[in-house]
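These notes concern the structure reproduced below.
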Amino acid sequence: MLFERFLNPERISMPDFDVDFSDERRQEVIDYVSRKYGRDHVSQIITFGTMSAKSVIRDVGRVLDVPYSDVDKLAKMIPFEIGITIDKALVENREFKDLYDTDETTKKIIDIARGLEGMPRNASTHACGVVITKDPVDTYVPLCTNDGNVVAQYTMVLLEELGLLKMDFLGLRTLSVIANCLELVKKNRGIDVVFDEKMNDPKVYKLWQEGKTFGIFQFESTGITNFMKELKPDCLEDIVAGVSLYRPRTYGSNTKICKRKIKSWT
């Protein structure tokens, strides 16, 4: 890939480095990086859980010593919706608004909850972010420990704004499944599977052409399944191009892409 793909004058944000590893061995990678660059130069990153509309109502109700059944009923009036807020729920749910207007205890809970909504509730370690620094990390940001791991007390957004290098070491269960499959094939069939060899079996590509990709990472959704059925890949290059092209900006162009498919995309 071209270096400019990651860093160029027109890019607004710093490049984002995502590297995938087996979720069973991710910690080994972090330990390796710590040994290579020095433990005081490597740190995981803090993340904060915030008070959502439902949880903050439950928390406030508990502190006010309101019976759990009443608080739970109130919290369940908040619609299941991404990005829902208490103010939005008061508009969308008439019963919720009526209870707020007529019940003094409910009004007190909601008024306090509205002031706390969105505030940090707890701190934990980011699922994949790791920061690597030229000088010891504590010369740039404050540190703390979480479950025995050194963690930068600034979130990943602030770390990037400071110009520090953040890398995402993602632990993927899919890679663990593949590794286990390789071991089982070796154990039961005596075959060493080498991914760089025999990549032209038409029976494999027929699975993509028929949409039988459930359980295959990045090919499980209805959208990508239908796209692959239309694309009808018959070589590895088609699959690589297909999964790369299936992005929001190309949704309207998928039909054109399928019509223009050629034997090789390179």
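The values are calculated or read from the model by the stated rules, or taken from the named source; none is laboratory data. Treat the numbers as computed from the prediction; the structure is a model and nothing was measured. Note that each Cβ is placed from the backbone with ideal geometry, even for glycine, and that neighbours are counted across all protein chains shown.
Residues in region 204-218 that are free of Cβ contacts under 8 Å to residues at least 12 places away in the same chain, assigned to a helix (DSSP H, G or I) and under 28 Å from the mean Cα position of the chain (by Cα): L207 alone.
Of the numbered criteria (1) surrounded by 13 or more Cβ atoms within 10 Å (Cβ to Cβ); (2) within 25 Å of the chain's Cα centre (by Cα), the one I86 fails is (2).
When you scan region 90-98, do you find a residue that is among the β-branched types (V, I, T) and within 30 Å of V151 (Cα to Cα), even just one? No, every residue in region 90-98 fails to be among the β-branched types (V, I, T) and within 30 Å of V151 (Cα to Cα). On the given criteria, is F96 exposed (fewer than 12 other Cβ atoms within 10 Å of the Cβ), aromatic (F, W, Y) and out of contact with any strand residue (DSSP E or B) (no Cβ under 9 Å at 6 or more places or on another chain)? Spelling it out, it is not the case that F96 is exposed (fewer than 12 other Cβ atoms within 10 Å of the Cβ), aromatic (F, W, Y) and out of contact with any strand residue (DSSP E or B) (no Cβ under 9 Å at 6 or more places or on another chain). If you check L172, L164 for being closer than 19 Å to S244 by Cβ and touching a strand residue (DSSP E or B) at 6+ places or on another chain (Cβ under 8 Å), only one passes: L172. Listed by first and then second residue, the pairs linking a residue in region 33-48 that is closer than 14 Å to T139 by Cβ to a residue that is of a type outside the set (S, T, Y) and part of a helix (DSSP H, G or I), with Cβ atoms under 8 Å apart and 6 or more places separating them unless they lie on different chains, are D40/V137; D40/D138; H41/V137; V42/I30; V42/V33; V42/V137; S43/V137. When every residue of region 90-113 is checked against the conditions, none turns out to be under 25 Å from the mean Cα position of the chain (by Cα), over 30 Å from L170 (Cα atoms) and not assigned by TED's automatic domain parsing to the domain that holds K166.
The single condition from (1) in contact with a Gly (Cβ under 9 Å, 6 or more places away or on another chain); (2) in a loop (DSSP other than H, G, I, E, B); (3) among the hydrophobic types (A, V, I, L, M, F, W, C) that F21 fails is (2). Here is a list of conditions, (1) under 16 Å from G129 (Cα atoms); (2) modelled with pLDDT of 90 or more; (3) surrounded by fewer than 18 Cβ atoms within 10 Å (Cβ to Cβ), and F17 meets all of them except one; can you say which number that is? That leaves (2) as the condition not met. Scanning region 57-80 finds one or more residues that are in contact (Cβ under 8 Å) with a residue 12 or more places away in the chain, surrounded by 13 or more Cβ atoms within 10 Å (Cβ to Cβ) and within 24 Å of the chain's Cα centre (by Cα).
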